[in-house]
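*Asks:* Got a structure for you, questions after.
The values are calculated or read from the model by the stated rules, or taken from the named source; none is laboratory data. None of the values given here were measured: they were computed from a predicted structure. Virtual Cβ from ideal backbone geometry, glycine too; neighbours counted across all protein chains shown. Heads up: the accessible areas ignore ligands, DNA and RNA and are worked out on the full protein's heavy atoms, side chains in. Shrake-Rupley method; radii C 1.70, N 1.55, O 1.52, S 1.80 Å.
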Amino acid sequence: MDPGEKERSTVASATRVVSVVTAYWLLSMAMVFLNKHLFSSENAALNVPLLITWIQCLISAVLSWLCLLASSACCPQTSIHWLGISAEVRASCSVHNLRKVLPLSLCFVAMVTFNNLCIKYVTVSFYTFIRPLATLFNIFFVYFILGEVTSLRAILCCAGIIVGFLLGVDQEDRQGTLSWIGLFYGIASCMFAALNGVYTARVLPHVDKSAMKLTLCNNLNACLLFFPLISLRGEMRTVLSVPFSENVAFWTSVAVSGVLGWSVAVVTGLQVLVTSPLTHNISGTAKSCFQTVVAVIWLTEMKRFLWWISSFIVLFGSLLYSIVRFHEMKEKSVHRKEARKTSFEETAV
């Protein structure tokens, strides 16, 4: 490869990385702020959080289905089309697959429900404090479900998350902006987010390790699981009691949030693909910092010095944990390769 071609390749690669990371930041922050607008009791035109979440899941399922159809259409030799639905999509939506994905779907429904209820009651800036708690629950569930032990170095990083979180809660309470019910929903959301991550690893092999197939099955199950919850809260009656024409802007925002939610999932996968898991975590931490500053400025919130210190401790602890875990996984990978090489050499002898 000549120097000019190598330089063009480097520029193209850098442009792709910058584009994907920028898209992740913009879409992710837009999703958080739009959800805050939709679920906030002050701004919401209708108090129907579960129905909104159901619509978001339905849109994600439809978009995933369309992507799988488009993929099959581009490679017709690998699929048999029947009534416009490819064999690949029908296999993905089989009762067997939906049943295998069900435990993950239960965690997913609980996670998104509590997450949306959390953002309904807490400020966007404080929402950033709560999310890293999923790391603590992840350590717990990975040990008791998968039997994996987390290193002392990683646990020490989590100590920083706990200290920063408790200091942040204290500062939020002193300012009179703390919602205890919102805090409870946030902690519950983090717990189910950790479970969601554990079960995702377990379920992926049942859908050929395809993230798009998993998204389709997961959101189809979620759409079914949300129905009884929506009925119990009487949200459908609330919607039917108000003419659609009076809330066109509201329902348009709901539809946009569904597209945004699916787009964030896709661009998250792309960011990991074009960079690395560590870079993705660093990008997520940096995005959280920026999102906190934007939320404070845009919503004209007044925060004390200790509040900012606690925010830094939480995010810095999360970043350190990501770096430590990345290096540990890299070391394990090297050891596995060496063990396989030794085993091969012994077999050859």
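*Asks:* If you take the beta carbon distance between Phe144 and Leu224 as r and set R0 to 30 Å, what does 1/(1 + (r/R0)^6) give as a FRET efficiency, to the nearest 0.05?
*Replies:* 0.60
*Asks:* By average Cβ neighbour count within 10 Å, what is the ranking of 299-306, 250-257 from highest down?
*Replies:* 250-257, 299-306
*Asks:* Packing-wise, with mean Cβ within 10 Å as the measure, how do 121-133, 96-108, 137-149 rank, highest first?
*Replies:* 121-133, 96-108, 137-149
*Asks:* I've got another one for you. Treating the beta-carbon of each Lys and Arg as +1 and of each Asp and Glu as -1, no other charges, what is the dipole magnitude of region 169-293 about its Cα centre, to the nearest 20 debye?
*Replies:* Taking the Cα centre of region 169-293 as origin, the dipole is about 340 debye.
*Asks:* Let me ask you something else. Can you tell me the accessible area per residue over region 89-192, all protein chains present, probe 1.4 angstrom, in square angstrom?
*Replies:* Heavy-atom accessible area per residue stands at 44 Å².
*Asks:* Follow-up. Would any residue of region 101-117 have its amide N under 17 Å from a label point 7 Å out along Cα→Cβ of Asn47? List them or say none.
*Replies:* 116-117
*Asks:* Pairs Lys100/Lys213; Lys100/Lys120; Lys213/Lys287: which exceed 21 Å Cα-Cα?
*Replies:* Lys100/Lys120; Lys213/Lys287
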